[in-house]
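A.B. asks: Here it is: the structure, laid out below.
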Amino acid sequence: MSYSSYLKPRPEVISEEGVEGIVDLANLKDDSKTKLEARPRDFLTLTYPTNDLIKVLEQINLRFSSDKEVAGLFLFEGLKGSGKSHLLLTIYNLFKHKKIGQEWLKGNGLICKVSDDMIVIINKFTDDPYDSIWGMIFESLGKQPPKGKTHPKLTDFQKALGDREIILIFDELEQGIKVISDSALRAQNIAFLQVLSEFSNRSKQVTLFASIYSDKEEPGSTLKRVPRCVVQFDNVKDQSNVILHRLFENYRDFDRNLISPVIESYVQLWDKHTPHDKEEHKKRFQDTYPFSPSLMDIILKKIPARGGFQNVRGALSFLGNMVRLTHTAGDIITPADASLKDKATTIMLKDLDPSGDLINRASENMDELIPKAPLSIQFASAVLLYTLTGRGSDIGASREKLIMDILSPSLDINAFEQTLMGFQKYASYFHHQENRYYFDLEENSEAKVEFKSLQYSDDQAREKLFDILKTDIFKVSENTTVFVSIQQVQESLKQFDKIRPRYVLTGRRLTQEERHIIYHGMDYRNLILLLEPKDDAFQLSTDKDLLKWAKRVLAAKDLAGSTKKTARQADYERIAKGDQSNVIDRIKKAGLVFVSWQKYGSTTTEDQIELEPLPADFSKDKVLEKLNQDYFPTLTFKEHMEGRLTEIQDRLVKEVDAEYRATLGFPVPVIVTAVSKGIRELCKEGLIGIQHNLGNFCHKNPNLSESELPNAKITPPFEEPPTKEVCPKCGKKPCVCPPVLPETCPACGRLPCHCVPPPEIVCPKCGEKPCICSKRENISLAIPPQTSIGSLRQETAHRLQQREGAVITKVSYKIFFQKSNIGDLSTLPPGIRGSLSGQGDLMVEITISKSGRFPKSQVELQIESLPVLAGAEYSADLEIEVS
C-alpha cells in the first residue's frame, strides 16, 4: 500500500512545478496575492512550530507580557536555505496580522502576547539597499533624519520615536552593510545598529530581528557584543519535521499507529539480511516516515556537510521531487528512489557534482546494465547518492546499507545479488573497496573489458580461440586448420601444400566416422596429421570459460587500440595477456594426442588407430620432434621397407617416397628425407642396390644428393668390384712406395731381436715404459633432420654432452627445403630464388662444411649462425675425436 494512503501530499508538491522552497520577503509587495508570502494565513498553515520558533515566541511573550528583562535583539544566524527568512516572515505575520497570527498560535497550542499598535518595519536589504539604515527608520516613523557627518545620536532617535514601539525585521542584513561602498558610511551604519541593539536591551520600545550568515563578519561581530536571543537552525529533528509538514498536509495529525505494520515489515526484512539496531531503526523510522532514516541522514547531515542543497530549502525541493515521483505506488522513500532517469533529480544532484561528469558516468553504466540487472535504476541511483555525499573513507555505501535502501518485501534478495554482481562485473565506473561500493571517474578497466566483451558473439570468440590455438600454442598457421566441420577441413586440406605435413587440430575428440571421412579421397593422406585433445571430455568450441576469456581478449585488445592514455592502454594489454594465458593454460591442460593409423579400412569398423600422446608443450616443433624421434625415426622406415623389399625394388625412390606419403598405416614421413634416409640405410647394409646414371651403389651410402636420389632406381642387391685404396703417402693406387726395411734391435744389435725377454721401449710422449698415453679415436656422429635451427642446436648439444672432452674436427651442415605450388616465389629469400617471382615449385639443398678443432660451444654458435629458412630441415654430420 502506498504511503499516500496515510500521508496526503500537498497539491503543489505533486504538481509539475513542484514545491517552492524559497521564502522571499520581497514578495510581501505582491498586491495580486499570488505569492505565498503575501498570503499570511496560507503561509502560517505551512509553518511548522520548530523548537527554534517556539524558543523565539517564548522570548517575545516574556518581553511583552512580563516585567522580566529579556533581550531585545534576536539574531538569526545560518547559511542560505536554513530557514532564516521563514522565521522572520512568521514573526512579521504575528505582529502585522495579529488575528491570523493568534489563530495559528492557538491551533498549535502556543501563546505569544503582542501589543496592538506596534510599528513593524521590515526590509530585505538585497532588494532594497539603503545608504543609511537610520534614514529608512526615520522615514517609516514619519520624521526627517537629522543632518550631520555621523549617524544620529540616540537622543535624536528617541525624539523621533516618541512613545511608540517598533519592531525592526531585517533580512540579508550582512549584504545590506557590504554594499555600502563608502567605508565611513558603512562604519556609521554598523555603529547605529549597535545603538539600536543596546537601546533594545534597555527599552521595550525597540525590538530588532536580524538575519546574518555569520557572527564573525559585520554587522554580526558587532551585534553579538550585546545580550541577544540567538537561533542557529542546527536541530536536525526540527528540519525533518519542517520538511514533512511542508510536504504532507496531514503530517501533524495522521494516526502513526497505522504505519507501524509497514515499518515492522521493513525492519523484519532488514533484520533477515543484515545486522542492524532493530529498535533504533523502528524509533527513527516512526519520525522520518515515509522517508527512510538513511535518506534523511543523507539529506540533512551529509549534504549540508558538503555545502550542497542550501540546507532545508534544497532538501525540501529534492525530497518534494521524490514524493512527486513515488506517491502513487511507493511504500517508503529511500536513496534508491533518487532516480537517475528523472531529469529534475539529476539537475539538483549537479549541486554536488557541478561538472556532471560523475552523474553521466553512473547514468551510462545504469543504462548499459538495465537489460542485464533487474534493479539497475535503484542500485545506480542509491550508490551515486552515497558517492556524491560521502567523503574520504565514508564515500559510497556498504552492502548492508544498499540492502536496506533497495530491498522491499515484494523483492527477492536474489534480484539484489544479481544486480550487485552485474555492476561489479560490467559497470566500468563502479568500484568496490573495503566493503564500500561507489562510482568514480577513474575507469574500472576490468569492468570495462567485461562489458565490452558482451558485444562479441560466440562465433567471434571461437575464431579467436582457433587463432590462439594455431598461433600461440601450435605456433604455426601455415598448412594448419582447426576442425569446425568435415567439409571445412577437407576444403582447407586441398588448398595446403600436399607434399609436406598438414595439421588438423580438432579441439575435441572426433568420432571414428568423422576421422574416416576426413581422410577419404585426400591426396597424400598419410601426411595429414590429426591432432586431438588428450582429455576426451574437452570441448574447445563450447567451453563457457574459454568463450568468455576469448571475448575478453577481443574486448581488451580493441580497447587498448582505441585509447590514447598510456596507463589505460597498459591496463587493457595486461588484461588481454592474462585472459589469453588462461585460454592457453586450459587448452594445454587438455593435452594432445596424435591419431596414428594402423589400418584404414573400407568402413569405420575395419579402421584401426592408436592415440599416441604428445608433449605438454605441443608446439609444431615439439610435435614433429616427438613424432620424428619416438614414433617415426629413420630406423622405423628402414625396418618397414625391409619387410617389403620385393615391393620397393625396381621402382624409383620418388615413387616409394610418394607411396609412403599417401598410404595410411605406413610410417609417417614427417620430415622430407625420412624415406630417402631409410633407403640409404638399406643400401649401406646391402639389402638393396641403387642405380643412377651417376653410379650404382650397394653396401654403402649412395654418393647422391637429396635432389639426385629421388630419380634413382631401387634394385636387388649386388656385389661391387673391389677397388684399391689410394695410398695416402704417394697418392697412387696401387701403392708405389718403397718397402719399409725393418730396424735392428737397439739392445742386442740383431735383426730380428734376440733379447729374452724383449726390451721395453720408453714412450717419447709420456716417458713411461710401457706407454700409458691415452689412445685417441675418431668417430662419426650424425644428427637427424630437425625442423628448426633451435631444435638442431639442442639435439647436437645433447648428443655432444654424452662425449665429454670431445673435439670436433669436422662438421657438415645440411639444409633441405622443398615446397610445391608456391603462390609467389618473391615471398622466399632472394638468395635461393634469385629475382624470380610468381607461382612455382622449389627444392633447395645446401651443404656447409667446416674443418678444424672446435669445442662444443663453438659448434653451437655455428648452428645459430646458419641461414634461416622457414619450413626447411636441418641436419648435421660431425667427425669427433675422443679419448
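A.B. asks: Could you give the radius of gyration (one decimal) and Dmax (whole number) of the Cα atoms in the chain, in Å?
C.D. replies: In order Rg, Dmax, the Cα atoms of the chain give 51.0, 172 Å.
A.B. asks: Oh, and also: In nm, to one decimal, how far is the modelled label at GLU606 from the one at ASP131, with both set 7 Å along Cα→Cβ?
C.D. replies: 12.4
A.B. asks: Under 8 Å for C-alpha pairs, at least 6 residues apart: give me the relative contact order for the chain, rounded to a whole percent.
C.D. replies: Values: 1415 pairs, mean separation 65.7, N = 883.
Taking the mean separation of contacting Cα pairs over the length of the chain, I get 7 percent.
A.B. asks: Hey, another quick one. With Cβ to Cβ distances under 9 Å as the rule, what net charge do the other residues near ASN51 carry (K, R +1; D, E -1)?
C.D. replies: Once positives and negatives cancel, what remains is 0.
A.B. asks: Give me the 1.4 Å probe accessible area per residue for region 1-92, excluding ligands and nucleic acids, in Å². Present the calculation step by step, with values, prior to reporting the outcome.
C.D. replies: Numbers: 4260 Å² over 92 residues.
In whole numbers, region 1-92 has 46 Å² accessible per residue.
A.B. asks: Which pairs break 26 Å Cα to Cα here: LYS283/LYS350; LYS475/LYS498; LYS96/LYS216; LYS565/LYS620; LYS124/LYS237; LYS84/LYS224?
C.D. replies: Values: LYS283/LYS350 33 Å; LYS475/LYS498 20 Å; LYS96/LYS216 32 Å; LYS565/LYS620 38 Å; LYS124/LYS237 28 Å; LYS84/LYS224 17 Å.
From the list (LYS283/LYS350; LYS475/LYS498; LYS96/LYS216; LYS565/LYS620; LYS124/LYS237; LYS84/LYS224), the Cα-Cα distance tops 26 Å for LYS283/LYS350; LYS96/LYS216; LYS565/LYS620; LYS124/LYS237.
A.B. asks: Let me check against my output: what whole-number percent is the relative contact order of region 524-612, with C-alpha pairs under 8 Å and at least 6 apart? If you can, show how the numbers build up before the last one.
C.D. replies: Working: 89 pairs, mean separation 28.7, N = 89.
Normalised by residue count, the contact order of region 524-612 is 32 percent.
A.B. asks: Now for a separate question. Tell me the relative contact order for region 635-680 as a rounded percent, counting alpha carbon contacts under 8 Å between residues six or more apart.
C.D. replies: Reported relative contact order: 49 percent.
A.B. asks: Take the Cα gyration tensor of region 584-681, multiply each eigenvalue by 5, square-root it, and list the three semi-axes largest first, rounded to whole angstrom. Each step should come with its number before you reach the end.
C.D. replies: Details: eigenvalues 155, 62, 19 Å².
Sorted largest first and rounded, they come to 28, 18, 10 Å.
A.B. asks: Below 15 angstrom from the Cβ of SER181, what's the summed charge of the other residues (Lys, Arg +1; Asp, Glu -1)?
C.D. replies: Once positives and negatives cancel, what remains is -1.
A.B. asks: Tabulate in residue order the Karplus-calculated ³J(HN,Hα) for region 618-627, using 6.51 cos²θ - 1.76 cosθ + 1.60 with θ = phi - 60°, rounded to whole Hz; enter x for Gly and Pro.
C.D. replies: Karplus values, whole Hz, x for Gly and Pro: 8, 6, 4, 4, 5, 5, 5, 4, 5, 5.
A.B. asks: Going by Cα centres, region 374-389 and region 259-324 are how many Å apart?
C.D. replies: A separation of 15 Å, based on Cα centres.
A.B. asks: Now for a separate question. What residues have an amide H closer than 5 Å to that of VAL120, excluding those fewer than 5 places away on the same chain, when H is modeled at 1.01 Å from N in the peptide plane?
C.D. replies: For VAL120, whose amide H was placed from the backbone, the distant partners under 5 Å are ILE167.
A.B. asks: Over the chain, what percent of the accessible surface lies on carbon and sulfur atoms, probe 1.4 Å?
C.D. replies: Ligands and nucleic acids excluded, carbon and sulfur reach 49 percent.
A.B. asks: Give me the base-10 log of I(q)/I(0) for region 227-310 at each q in 0.21, 0.22, 0.26 Å⁻¹, Debye formula, one uniform scatterer per Cα, rounded to two decimals.
C.D. replies: Ignoring solvent entirely, the Cα scatterers give -1.07, -1.13, -1.30.
A.B. asks: Something else now. Mind checking the full-extension length gain between HIS699 and LYS654? Use 0.36 nm per residue of separation minus the Cα-Cα distance, one decimal, nm.
C.D. replies: Separation in residues times 0.36 nm, less the Cα-Cα distance, equals 14.1 nm.
A.B. asks: With labels modelled as points extended 7 Å from the Cα through the Cβ direction, what inter-label distance (nm, one decimal) is found for LYS341 paired with LYS544?
C.D. replies: Those two pseudo-labels are separated by 2.9 nm.
A.B. asks: Taking the solvent-accessible surface of protein heavy atoms with a 1.4 Å probe, what is the per residue accessible area of region 424-546 in Å²?
C.D. replies: Result: 45 Å² per residue.
A.B. asks: In square angstrom, what is the accessible area per residue of region 577-664 with a 1.4 angstrom probe? Could the numbers behind the result be given before it?
C.D. replies: On the way: 4140 Å² over 88 residues.
Solvent-accessible surface per residue comes out at 47 Å².
A.B. asks: Quick check: residue separation of HIS692 and GLU491 times 0.36 nm, minus the Cα distance between them. What number comes out in nm?
C.D. replies: Working: separation 201, 0.36 × 201 = 72.36 nm, distance 3.90 nm.
Separation in residues times 0.36 nm, less the Cα-Cα distance, equals 68.5 nm.
A.B. asks: Could I ask something else about it? So what are region 36-171's ellipsoid semi-axes, whole angstrom, largest first, if each one is the square root of 5 times an eigenvalue of the alpha-carbon gyration tensor?
C.D. replies: Calculated on Cα positions only, the semi-axes equal 28, 18, 14 Å.
A.B. asks: OK, next. For SER826 and ALA567, what is the calculated FRET efficiency with R₀ set at 35 Å and r taken between the beta-carbons, to the nearest 0.05?
C.D. replies: 0.25
A.B. asks: State, to one decimal in nm, how far the label point of ALA782 lies from the label point of ALA184, with both points 7 Å from Cα in the Cβ direction.
C.D. replies: Once both label points are built, they end up 12.2 nm from each other.
A.B. asks: Right, another one. For the chain, what is the percent of antiparallel DSSP beta bridges, rounded to the nearest 5? Please report the intermediate quantities before stating the final value.
C.D. replies: Numbers: 51 of 79 bridges.
Of those bridges, close to 65 percent are antiparallel.
A.B. asks: Along its principal axes, what span do the Cα atoms of region 233-281 show, with the longest given first and each in whole Å?
C.D. replies: Dimensions of region 233-281 along the principal axes of its Cα atoms: 35, 27, 15 Å.
The values are calculated or read from the model by the stated rules, or taken from the named source; none is laboratory data. On a predicted model such as this, the values are computed, not experimentally measured, just so you know. So basically every Cβ, Gly included, is an ideal-geometry build from the backbone, and we count neighbours across all protein chains shown. For accessibility, only protein heavy atoms count, side chains too; no ligands or nucleic acids. Shrake-Rupley method; radii C 1.70, N 1.55, O 1.52, S 1.80 Å.
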